[in-house]
There are 2 protein chains.
Amino acid sequence: MHFADSLMAAIRRVGNPVCVGIDPRPEDLPDGFLDRFPGNRAGVAQALLEFGREVVEVVAPIVPAVKFQAAFYEAYGPEGVSALHATASLAKEAGLIVLMDGKRNDIGSTAEAYARAYLGKVPVGDRFEPSWVCDALTVNPYLGIDGITPFVKVATREGKGIFVLVRTSNASAREFQDLVCEGRPLYRHVAERLADWALPHRGDSGYSFVGAVVGATYPSELAELRQALPGVPFLVPGYGTQGGSASDVAPGFDFEGLGALVNSSRGITFAYRKPSAVAKFGPDWKAAVVQAVHDMAEDLAAHSTTAKIKRS
Amino acid sequence: MHFADSLMAAIRRVGNPVCVGIDPRPEDLPDGFLDRFPGNRAGVAQALLEFGREVVEVVAPIVPAVKFQAAFYEAYGPEGVSALHATASLAKEAGLIVLMDGKRNDIGSTAEAYARAYLGKVPVGDRFEPSWVCDALTVNPYLGIDGITPFVKVATREGKGIFVLVRTSNASAREFQDLVCEGRPLYRHVAERLADWALPHRGDSGYSFVGAVVGATYPSELAELRQALPGVPFLVPGYGTQGGSASDVAPGFDFEGLGALVNSSRGITFAYRKPSAVAKFGPDWKAAVVQAVHDMAEDLAAHSTTAKIKRS
């Protein structure tokens, strides 16, 4: 199945575009969580896996997608990477769309290795096997099309997707992305090239498997890019902890309320730390996660300037 | 010790600036190599580790540094990543400067996780432990200074380094990096900001631990950037298989023949496949590796327009 079609179907199924970002910082895990595991790197990795597994279990019925931030797993070396691999596989088994947020890229022949790794299959003996279980990968555009084509080729073959960084959600995104080159900012140049990369790869939903990362923290750029990139699905980070609001995110959707997946990481997985959640749920951190998802879905719907998502 | 000082000392010790890129493609391993290991993903990962171990053994006495291309290990999932971790540790034990070519980056809080992962220490129980063994990491600049500062902070504390992508070696590097923004190409803007990031962090060698990646395949840009970035060490990919020659690389060095590390990956590790090497060394692929390093070192020295490197 085409990645964007699967993604839009998943959004319709649950009726919201919430992506739960799983960025496990050990220091933010619920009280006592780490103590259940050995006090070494492998033990922390086991804790990350267990935390991710529990998050996946509670969110799988209520959101379309999860996004794993590779950095927080790579931080614990190969043991951490094993935890990432296992958690991503569990998320897929639970029926979620699985995004790997690795922001990978390189020259063509190396980009091909990343593409095969995360989206395709690798040679093992006389056959090809998948190494990772995920549906889409975030990709950095600085190297130009050489670094994009291998991902597009593999994604075409395997029914997978990519999200190319266009406008990131951080404060210094402006530093290079807003430099005015030949009359318009760099991120618009990236967006224009992205349109060329994306448009031949639209599915029945009208959306391409080549998407864009556009931060919630830049609402006017988000609105402008939504206009400029019809048929390109957006992955919108920056809602919640990073400061993006539901009204900031609203212009990212199409007239059916589709076309954008809005990510929240700490705001959901570590919702149990908010004073209101402490008062309401006490040590039941999973109830706080579920509540945070419902609150976010409602907030997005309430501020949507487009039609509500029609549930399938 | 300061990263750049260690790097320059290592270059002086061996008398050449050759960096051996370890990018193990299973399909390029010597005949029969893969057959020694189980025919599954873990077996391929073991083969990558064994190949890397043998390369490290033969090159450790004759080059200053090795560079691991993470993609080729991530291709084999957590097992591949374990092989990368083990090979990098062996390279460090063998006395080499170890560069991790991951081209990582993200928003600040996530960049901090990558910085801690590869260059620093991570929290484990009530202490901090290193997860990875490497001296420097390649970093992508698209997100601006938020994505650089965390690496600089950790590198300062730990005596590590980073190499920021300025001008990559691939053909489509021009696509965004050459866009003319406010009167000069994007890569010059990146270089200017890099100068600001680098200059406060020079060691006794006069070089900073904040370096730049500048491809051998763009010799005029290399010459121009060497002038523009005194005190910034260059990691120069693209020599050999990608088409960069020794005279292309020559402008990357300072007046002592220092300041640049020139990488060759396939041209060295898979040198055994060249007809001349087949004739001379037959199945002794390691002899072909050693010969390729000596040939490259001589080629660079013969075409150097600056003084020869003074051996310490």
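We did not get these values from a lab; they are worked out from the coordinates using the rules stated. This is a predicted model, so every value here is computed, not measured. We place every Cβ from the backbone using ideal geometry, glycine too, and count neighbours over all the protein chains shown.
Computed as a quarter of the hull surface, the mean projected area of the alpha carbon convex hull for the stretch A:230-312 stands at 5.9 nm².
Ignoring aspartates and glutamates fewer than eight residues from A:K67 along the same chain, the ones with Cα atoms less than 12 angstrom from its Cα are A:D23, A:D101, A:D135. With N as its number of residues, the protein assembly as shown has a Cα radius of gyration that, divided by 2.2 N^0.38 Å, comes to 0.94.
A simple spin-label model places the labels of A:A171 and B:A228 2.7 nm from each other, with each point 7 Å out along Cα-to-Cβ.
Rounded to the nearest 5, what % of the DSSP beta bridges within chain B are antiparallel ones? Percentage antiparallel, nearest 5: 20. Would you please state the base-10 log of I(q)/I(0) at q = 0.21 1/Å for the stretch A:200-255, with intensities from the Debye formula using one equal scatterer on every alpha carbon? Those come out to -0.72, one per q.
Taking 29 Å as the limit for the C-alpha separation, the pairs A:K121/B:K103; B:K103/B:K310; A:K121/B:K92 exceed it in the case of B:K103/B:K310; A:K121/B:K92. Reported value for the stretch A:1-52: 118 Å³ per residue, from the convex hull of its C-alpha atoms. By the beta carbon rule, with partners counted only under 4.7 Å, chain A holds these lone Cys residues: A:C19, A:C134.
Only Cα sites of the stretch A:143-245 enter the Debye sum here, all with the same form factor; the resulting log10 I(q)/I(0) across q = 0.17 1/Å is -0.77, listed in q order. Spacing of the modelled spin labels on A:D196 and B:R184, each 7 Å from Cα toward Cβ, amounts to 2.7 nm. If you take all other residues with their beta carbon under 11 Å from the beta carbon of A:V58, and give Lys and Arg +1 and Asp and Glu -1, the sum is -1. Binning all Cα-Cα separations of chain B at 20 Å, short to long from zero, yields these whole-percent fractions: 34, 59, 7.
Against the compact-protein benchmark of 2.2 N^0.38 Å, the Cα-based radius of gyration of the stretch B:78-173 scales to 1.11.
The equivalent ellipsoid of the stretch A:1-157 has semi-axes of 27, 20, 14 Å, largest first, where each one is the square root of 5 times an eigenvalue of the Cα gyration tensor. For the pair the stretch A:185-242 and the stretch A:265-308, the centres of their Cα atoms are 26 angstrom apart.
Computed over chain A, relative contact order equals 20 percent, with contacts defined as Cα pairs under 8 Å that lie 6+ residues apart. Helical content alone sets the calculated 222 nm signal of chain B at -13000 deg cm²/dmol, taking -39,500 (n - 2.57) per DSSP H segment of four or more residues and averaging over every residue.
The chymotrypsin sites (Phe, Trp or Tyr not before Pro) of the stretch A:210-312 that meet both conditions, a loop assignment by DSSP and at most 10 other Cβ atoms within 10 Å of the site Cβ, are A:F255. Of the residues A:A83, A:A173, A:A301, the one that moves most in a GNM of chain A with alpha-carbon contacts below 10 Å is A:A173. The local environment of B:G206, defined by Cβ-Cβ distances under 14 Å, has a net charge of -1 under the rule Lys, Arg +1 and Asp, Glu -1.
The stretch A:64-119 and the stretch B:51-130 have Cα centres spaced 17 Å apart. Using the Cβ atoms and a cut-off under 11 Å, what net charge is assigned to the surroundings of B:A111, where Lys and Arg are +1 and Asp and Glu are -1? Net of charged neighbours comes to +1.
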